[in-house]
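Asker: This is the structure I want to talk about, given as structure tokens.
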Amino acid sequence: MKKYAPTTPSRRNMTTINYREYLTVSEPHKPLTKGVKRDVGRNGDGRITVRHKGGGHKRLYRDIDFKYTKVGIPAKIETVEYDPNRSGFIALVCYKDGARAYHLLPKELKVGDVILNDASADVKTGNRLPLSKIPVGTFIYNIETKPGSGAKFVRSAGSYAEVVSHDAGYTAIKMPSTEVHKLLDTCSASIGAVSNDEHKLVKYGKAGRSRWKGIRPTVRGTAMNPVDHPYGGGEGVQGRGTRRPKTMWGKVTGGKKTRHPKKYSNHLVVSRRKVGKRK
């Protein structure tokens with residue numbers, strides 16, 4: 001992590017990742033980029049459905065190949081790049097047939113390394129195989145939910161899942177949330193853990209840096225009026241005044257199970273995630 005001399009109060013507490021250690025270029029590969037309009041917390045009607053989002057620096061979208069469309073063709077890592085749309089680093093790879101694509105970069109890989117997406121590939125960092133070919137105890141990321149659907153699970157910086165068991169056409173995987181989930185063993189996953197594991201250690205240091213990221217201020221419910229929040233009102237500092245913690249719409253948040261009891265994938269959950277101190 002990179003720290004700064006305390007030239008101002010905000011600078012004193014600011015930290016950043018030392019990108020020079022990891023990144024090799026500062027500009028993306030233009031043919032694999034496009035402009036994109038961000039949702040900034042609005043739904044199709046333009047109404048705010050997720051609070052505290054909006055503004056932020058303009059971003060250029062990097063088209064990541066999460067489906068790994070090239071099978072059986074080795075790919076060489078050409079560059080390691082920053083992506084403003086995700087927490088992990090990305091890599092520009094060049095396949096042996098000359099095609100280029102962006103992939104999510106795992107830890108420990110660097111420029112010049114070769115990766116392969118194939119059922120017969122070696123079990124080494126960066127390679128992609130069906131779950132049935134991955135030994136128990138292996139760390140994986142970029143996991144498919146259905147064969148050919150593309151990577152959906154475990155894509156954020158520093159995260160990884162672990163293969164727990166193989167049984168009757170299914171593979172049990174321990175997710176970063178501690179939930180153990182079964183998936184068809186014909187689904188694919190990449191070996192390793194996502195890069196940039198220092199991401200969680202970054203301290204913004206000042207409000208302005210949050211605004212650059214598109215994060216708007218959060219107002220405490222207890223600072224509002226009674227009409228605006230269940231915690232609002234009262235003279236001076238008040239307790240929340242309700243038995244359970246609630247959102248501003250009165251929905252219970254603490255200790256309430258949020259998974260739908262009839263969700264299609266419930267039968268695939270071997271054990272629920274552990275929360276709080278037990279985790």
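Asker: What are the pairs, 6+ residues apart or on separate chains, where a residue within the stretch 71-82 that is within 12 Å of Pro28 (Cβ to Cβ) and touching a residue at least 40 places away in the same chain (Cβ under 8 Å) has its Cβ under 9 Å from a residue that is acidic (Asp, Glu) and surrounded by fewer than 16 Cβ atoms within 10 Å (Cβ to Cβ)?
Answerer: Partner pairs satisfying both residue conditions: Glu81/Glu27.
Asker: Kindly indicate which of Lys213, Lys200, Lys246 is more than 30 Å from Asp65 (Cβ to Cβ) and either modelled with pLDDT of 90 or more or exposed (fewer than 13 other Cβ atoms within 10 Å of the Cβ) (or both). Explain how you work it out, then say what you get.
Answerer: Values: Lys213 fails: more than 30 Å from Asp65 (Cβ to Cβ); Lys200 fails: more than 30 Å from Asp65 (Cβ to Cβ).
Selected residue: Lys246, the only one of Lys213, Lys200, Lys246 that is more than 30 Å from Asp65 (Cβ to Cβ) and either modelled with pLDDT of 90 or more or exposed (fewer than 13 other Cβ atoms within 10 Å of the Cβ) (or both).
Asker: So which residues in the stretch 110-143 are in a loop (DSSP other than H, G, I, E, B) and hydroxyl-bearing (Ser, Thr, Tyr), if there are any at all?
Answerer: To start, the set of residues in the stretch 110-143 that are in a loop (DSSP other than H, G, I, E, B) comprises 110-113, 116, 118-127, 134-138, 142.
If the condition is that a residue be in a loop (DSSP other than H, G, I, E, B) and hydroxyl-bearing (Ser, Thr, Tyr), then Ser120, Thr125, Thr138 are the ones that fit.
Asker: Moving on. From the list Ser190, Ser177, Ser210, exactly one residue is part of a loop (DSSP other than H, G, I, E, B) and within 25 Å of Leu104 (Cα to Cα). Which is it?
Answerer: Sole residue among the options that is part of a loop (DSSP other than H, G, I, E, B) and within 25 Å of Leu104 (Cα to Cα): Ser177.
Asker: Can you tell me which residue is modelled with the highest pLDDT among those in the stretch 98-108 that are assigned to a loop (DSSP other than H, G, I, E, B) and over 19 Å from the mean Cα position of the chain (by Cα)? If you could, list the steps in order and put the result at the bottom.
Answerer: Just the residues of the stretch 98-108 that are assigned to a loop (DSSP other than H, G, I, E, B), to begin with: 98-99, 105, 107-108.
Subsequent filtering for residues that are over 19 Å from the mean Cα position of the chain (by Cα) retains 98-99.
On the way: Gly98: 93, Ala99: 96.
The residue in question is Ala99.
Asker: Within the stretch 154-174, how many residues turn out to be of a type in the set (A, V, I, L, M, F, W, C) and over 17 Å from Lys107 (Cβ atoms)?
Answerer: Final tally of qualifying residues: 5.
Asker: So, one more: Does any residue of the stretch 249-260 turn out to be within 22 Å of the chain's Cα centre (by Cα), surrounded by 10 or more Cβ atoms within 10 Å (Cβ to Cβ) and under 30 Å from Ile173 (Cα atoms)?
Answerer: If we filter the stretch 249-260 for residues that are within 22 Å of the chain's Cα centre (by Cα), which is where we start, we get 258-259.
Those still in the list that are surrounded by 10 or more Cβ atoms within 10 Å (Cβ to Cβ) too: 259.
From what's left, under 30 Å from Ile173 (Cα atoms): 259.
There is at least one residue in the stretch 249-260 that is within 22 Å of the chain's Cα centre (by Cα), surrounded by 10 or more Cβ atoms within 10 Å (Cβ to Cβ) and under 30 Å from Ile173 (Cα atoms).
Asker: Moving to a separate point now. Could you look through the stretch 125-160, keep only residues that are among the basic types (Lys, Arg) and out of contact with any Ser or Thr (no Cβ under 7 Å at 6 or more places or on another chain), and pick out the one that is surrounded by the most Cβ atoms within 10 Å (Cβ to Cβ)?
Answerer: Let us first name the residues in the stretch 125-160 that are among the basic types (Lys, Arg), namely 128, 133, 146, 152, 155.
So of that shortlist, the ones also out of contact with any Ser or Thr (no Cβ under 7 Å at 6 or more places or on another chain) come out as 133, 146, 155.
Numbers: Lys133: 16, Lys146: 11, Arg155: 18.
Once the filter is applied, the top-ranked residue is Arg155.
Asker: Test of understanding: among Gly112, Gly98, Gly72, Gly88, which residue is loosely packed, with under 13 Cβ neighbours inside 10 Å and in contact with a strand residue (DSSP E or B) (Cβ under 7 Å, 6 or more places away or on another chain)?
Answerer: Values: Gly98 fails: in contact with a strand residue (DSSP E or B) (Cβ under 7 Å, 6 or more places away or on another chain); Gly72 fails: in contact with a strand residue (DSSP E or B) (Cβ under 7 Å, 6 or more places away or on another chain); Gly88 fails: loosely packed, with under 13 Cβ neighbours inside 10 Å.
From the options Gly112, Gly98, Gly72, Gly88, the qualifying one is Gly112.
Asker: Val163: in contact with a Ser or Thr (Cβ under 7 Å, 6 or more places away or on another chain), in a loop (DSSP other than H, G, I, E, B) and either among the aliphatic types (A, V, I, L, M) or surrounded by fewer than 17 Cβ atoms within 10 Å (Cβ to Cβ) (or both), yes or no?
Answerer: Spelling it out, it is not the case that Val163 is in contact with a Ser or Thr (Cβ under 7 Å, 6 or more places away or on another chain), in a loop (DSSP other than H, G, I, E, B) and either among the aliphatic types (A, V, I, L, M) or surrounded by fewer than 17 Cβ atoms within 10 Å (Cβ to Cβ) (or both).
The values are calculated or read from the model by the stated rules, or taken from the named source; none is laboratory data. If you're wondering where the values come from, they're calculated on a predicted model, not measured in any experiment. Cβ coordinates were reconstructed from backbone atoms using ideal geometry, including for glycine residues, and neighbour counts include every protein chain displayed.
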